[in-house]
Amino acid sequence: EDEKRKYVRGKKLGEGTYANVYLGHLRHDPSQLVAIKKIKVQKEYTEGMAPDAVREIKHLQELSHPNIITLHSIFSSKDQNLNLVLEYLPLGDLEMLIRDTDRVRYGAADIKAWTGMLTRAVWFCHENFVLHRDIKPNNCLIAADGEVKLADFGLARSFADPYKPMTTNVITRWYRPPELLFGAKHYSGAVDVWSVGLVLAEMVTRAAYLPGNSEIDQINLICQGIGTPTEENWAGVTKLPEYTVPKEVTPLHGKNYYISRFGVIGHEGVDLLMKTLILDPKKRITARDMLKHEWWHKDPKPTLKKNLPKKS
Ligand code: ADP
C-alpha cells in the first residue's frame, strides 16, 4: 500500500503487551521521526481488537488535540499485522516519573499541570464520543515540550451507540472502575474519569492507590479504600451481573480520610479527587465538569509545561 511506502522502519524501540514499537522516519524526509507500532496478530482476537480494528482506529486519526498522541497513519502489512504510525515521543511516560523517586522531584503545581493535561485529553475524547478505557500513568507519554499526550487507544472505541453492549474486559485492573468489575454492559465516559482519579492519587503518593492482584482483590481494595458499593450509595448496583462485596460493609470515607492521604494537593484538589472516585458512575463527575472545578484557579497555579520535571 501507499501509506506503508511513505515510511521507513528502523530499530526496535520496545515491546509492549500486544505490540512491537519501532523507530521510523518519513521516506522523503529522514529528519521527520515517527514511532511505528506493529500490533501482533493473535489467533484468538479479543472482542476489542477484532479485525475491524482498522476501521475502529481510523476515526482516531481525526482526534486532533495537543494532549492526544497524533496518529499519522495506519496500514496493514501483508502478514495482516496492523501498523500504527504515531508521533515519536522518546521522553517516557508519567509512570517513569512517578516511580523514579530518587531522581524526580515534583510538587502540587506539577501534579495540577499533568492532571489538567490528562483531563483535557479525556474531555476531548468524550466530546467526540470516544472512550479511552485504558488510562494509566504508562499511557501518558511526555512530549519534548513537556506536554502530556494520552496514548494507546488500542481499546478505545466509539460509544455513540449506547445500546450496543461493550466488552467488560478492559482497563488495566488497578485503574478499573467498579461498574466494570461488576460486569456492567453499558458504561460511559465515567470509566475514564475513575482512572484519571486514580492516576491523580498515584501522582500524589507515588504508589498506586488500589493495586489489586486479582479482580476480587480489586473489589476488596475499592471497598476498603473508598467504601463498599451498596444500594444506599449506588441505586441498582446489587443487580449488576457480577456484584459481590465483602460481608463487612465499609462506610464511604469522608473528606478527612482523603485529606490525610492526599492533602498536598489542597482542599480543592482533594474535593476534585473525591468527585472522580464516586462509586456510582451516574454521580461521578464528568471530564467537562472536572475542567470547571475551582482547583485549577487556586494556588499553586499549574506549572508551565516548559518547567515540568522530565526524565533525566
Ligand atoms: P505498553 O504495553 O507498555 O503500553 P507499548 O506497546 O505502548 O507498551 O510500547 C512499548 C514501548 O515502546 C514503550 O515502553 C516505549 O518505550 C516505546 N514506545 C511506545 N510508543 C512510543 C512512541 N510514540 N514514541 C516513542 N517510543 C514509544
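No value in this document is a laboratory result; all are computed from the given coordinates. A quick note: this is a predicted structure, and the numbers were derived from the prediction, not measured. Note: ideal-geometry Cβ built from the backbone for every residue, glycine included; neighbour counts use all protein chains shown.
A few points about this structure:
- Relative contact order of the chain, taken over Cα pairs closer than 8 Å and 6 or more residues apart, is 17 percent.
- Computed over the stretch 208-298, Kirkwood Rh from alpha-carbon pairs, angstrom: 14.4
- A simple spin-label model places the labels of residue 128 and residue 3 1.5 nm from each other, with each point 7 Å out along Cα-to-Cβ.
- For residue 91, the residues whose amide H sits under 5 Å from its own are 142, ignoring neighbours fewer than 5 places away on the same chain, with H placed 1.01 Å from N.
- Here the spin labels are modelled as points 7 Å beyond Cα on the Cα-Cβ line, and at residue 297 and residue 96 they lie 3.7 nm apart.
- Residues 209, 257, 22, arranged from fewest to most other Cβ atoms within 10 angstrom of their Cβ, appear as 257, 22, 209.
- In sequence order, calculated HN-Hα J values of the stretch 103-116 (Karplus, 6.51, -1.76, 1.60; Hz; x Gly/Pro): 10, 10, 9, 8, x, 4, 5, 5, 4, 5, 5, 5, 5, x
- Helix 190-205 axis versus longest C-alpha principal axis of the chain: approximately 80°, rounded to the nearest ten.
- For the peptides 287-294, 173-180, the ranking by packing is 173-180, 287-294, with the highest mean count of neighbouring Cβ atoms within 10 Å listed first.
- Between residue 256 and residue 239, the distance separating the two model label sites (each 7 Å from Cα on the Cα→Cβ line) works out to 3.7 nm.
- Folded to 0 to 90 degrees: helix 215-225 orientation relative to the chain principal axis, Cα: 50
- Using only Cα coordinates, the Kirkwood hydrodynamic radius of the chain works out to 20.4 Å.
- Close amide H contacts of residue 311 (hydrogens built in the peptide plane, cut-off under 5 Å, sequence separation of 5 or more or a different chain): none are found.
- Mean silhouette area of the stretch 90-152, derived from the convex hull of its C-alpha atoms and averaged over all directions, reads 4.5 nm².
- Sequence-ordered 3J(HN,Hα) estimates for the stretch 71-83 from the Karplus curve with 6.51, -1.76 and 1.60 and θ = phi - 60° stand at 9, 6, 6, 8, 8, 10, 8, 5, 6, 6, 5, 9, 10 Hz, glycine and proline given as x.
- Extension gain, residue 282 back to residue 79 (0.36 nm per residue minus Cα-Cα distance, nm): 68.7 nm
- For the stretch 200-240, alpha-carbon Rg and Dmax in angstrom: 12.3, 35
- For residue 250, the residues whose amide H sits under 5 Å from its own are 228, ignoring neighbours fewer than 5 places away on the same chain, with H placed 1.01 Å from N.
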